[in-house]
Amino acid sequence: MSGSPTSPTSRITPGLAAAPSEVDLVVIGLGVTGAGVALDAATRGLSVLAVDAHDLAFGTSRWSSKLVHGGLRYLANGQVGVAHESAVERGILMEVTAPHLTRAMPYVVPFTSSTGRAQQLLTRAGMRAGDLLRRGARTSPDTLPPPRRLSTTELLAMAPPLRSAGLTGGTLSWDGQLEDDARLVTTIARTAAAHGAHVRTRARVLSATGTRVDLRDELTGATHTVTARAVVNATGVWAGDLVDEVRLRPSRGTHLVLRAETLPGLTTAVFAPVPGSTSRFVMVLPQPDGTLYVGLTDEPVEGPMPDVPTPSESEIGFLLDVVSASFTRPLHRSDVVGAFAGLRPLLDTGADGSTSDLSRRHAVLTSRTGVVTVVGGKLTTYRRMAQDAVDAATTAAGLTTRACRTATLPLLGAAPRAELAALELPTRLVRRYGIDAALVLSNARDVTGLDDDALLAPVSDRVPVTLAELVFGVTHEGAADVDDLLDRRTRIGLVPADRDAARPAAEHALATVRAQARSRTGQPPSGSSATVS
């Protein structure tokens, strides 16, 4: 198993220059679901144009917990079907489509003298139920080991910063963790382009029906009309702006970013219980780049949806208070070096209650003008959402296609874990690009003329991202500006101070690629196009 491109001339391109005017399917939105729709449709043999007004992973897809959930939280709410679907899709991601971008994440739930016996039994039962989901999804225990109890000594060995006073033990379980949610989206989009999809960023939809889409190039202001056999709206929380029949009840989930030294020695995720609740936790999630994510909240959102949501101070305070209760060192507002929030596109079913009670099941809806909208769901189940959307769109349009093959199709860079572990390439590049790590490095050598030491040096003392990655973001992943590089091709922008430190490297990568393009063609490039090779 390995991911390899099939169409070397395919491109991820900012703007609409030379965009097709007639295709089988237009996909609107290039978050994880839209990219997944583009890949699904292209691999069924359809001609595809996928567009986004901004950039790959500009919206909700880059604001997740970076987890590949097995569905336990949905099982606790009685959403058995959603839980099973999530476990199945987690297994596909971790074992078939993206083993290079996922890893098994151990996490512990601590118990203290104030944790009632009923709550302990309920937590342990939940862990066992989660393992039954794993087994039902046929995910190997080598990929995700079964849960077990932990003594106090074992718990503190795994999570040294926990508050030891009153600690009575806990549980250890496993879930999936992404290297980076935006990197997953970018890799799906590259794979779609490799299979022939036209992937265009900076292309805003002005109007759409089931057979026609009017677009505006956000780089030049030029307009462009595309006729299509089918149109899929995968714009998430903005779906109702495009199709007014869609009714959503978005909720905001906020995360904090801390430096790893804030909780020294923590390498295992901790699910800190929310006081007064038997099923709510705040997660402390160690990241491979030397940071910790703390999250998350579930707050209803009213009014127009912002392009970039902002965490509220009350949410930040809530997360700090809950985590502080479980650790020796109290957390303060000054420990927060970054914060981010995402909006969940939850379908409004008309039911009363909080947004945390709404089902995470996705829905595929067809408007009176024929636009197929896919909403709800979550990052883990993007592939299934895409499959259902393409099924609905092709059926409505009377299109004959090949069968869906994304459940067995590795993304670019994918390979079995043993093969990835044996690669004699920089660990960071393998972790983020899989077997394409060699391509990332050789591409940077060709573009810059620098040696490997210069290309692989961290861009700053705090930021492990390398110049090789930034160059690849421009040449192969369609990054058009510094924001694309710092906020989506890498996640440096989650910490403003790191963003400032890395900006010169990002500007250098962009300038170097553009200078090379000018030297080869004698003319400046129109935007940055990303070849898949």
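What the table below lists for this structure:
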| quantity | calculated |
| --- | --- |
| Entirely in region 153-242, the strands (runs of 3 or more DSSP E) that have 1 or more residues that are touching a Pro at 6+ places or on another chain (Cβ under 8 Å) and not assigned by TED's automatic domain parsing to the domain that holds VAL430 | 167-178, 198-201, 223-233 |
| Exclusive hit being outside the structural domain of ALA341 (by TED's automatic domain parsing) and part of a helix (DSSP H, G or I), set ALA505, ALA415 | ALA505 |
| Cross-chain or 6+ apart pairs with Cβ under 6 Å, region 461-472 first and at pLDDT 95 or above, then of a type in the set (S, T, N, Q) | VAL465/THR490; PHE472/ASN443 |
| Candidate set from region 330-354 (those that are of a type in the set (D, E, K, R) and part of a loop (DSSP other than H, G, I, E, B)); member that is modelled with the highest pLDDT | ASP348 |
| Candidate set: region 44-93, residues that are assigned to a strand (DSSP E or B) and among the β-branched types (Val, Ile, Thr); chosen: the one farthest from THR291 (Cα to Cα) | VAL48 |
| Residues (under 22 Å from ARG368 (Cβ atoms) and either assigned to a strand (DSSP E or B) or at pLDDT 95 or above (or both)) located in region 243-283 | LEU248 |
| Considering residues of region 112-146 that are closer than 15 Å to HIS69 by Cβ and over 25 Å from the mean Cα position of the chain (by Cα) only, the residue surrounded by the most Cβ atoms within 10 Å (Cβ to Cβ) | GLY126 |
| So MET105, is it in contact (Cβ under 8 Å) with a residue 12 or more places away in the chain and either of a type in the set (Lys, Arg) or assigned to a helix (DSSP H, G or I) (or both) | no |
| Test: residue in region 435-450 that is buried (at least 16 other Cβ atoms within 10 Å of the Cβ), in contact with a Leu (Cβ under 9 Å, 6 or more places away or on another chain) and assigned to a loop (DSSP other than H, G, I, E, B) | yes |
| Residues located in region 127-151, provided they are touching a Pro at 6+ places or on another chain (Cβ under 9 Å) and either acidic (Asp, Glu) or part of a helix (DSSP H, G or I) (or both) | MET127, ARG128, GLY130, ASP131, ARG134, ARG135 |
| Residue check, PHE318 surrounded by fewer than 22 Cβ atoms within 10 Å (Cβ to Cβ) and either in contact with a helix residue (DSSP H, G or I) (Cβ under 7 Å, 6 or more places away or on another chain) or in a strand (DSSP E or B) (or both) | no |
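The values are calculated or read from the model by the stated rules, or taken from the named source; none is laboratory data. Here the structure is a predicted model, which means the values were calculated and not measured. Virtual Cβ from ideal backbone geometry, glycine too; neighbours counted across all protein chains shown.
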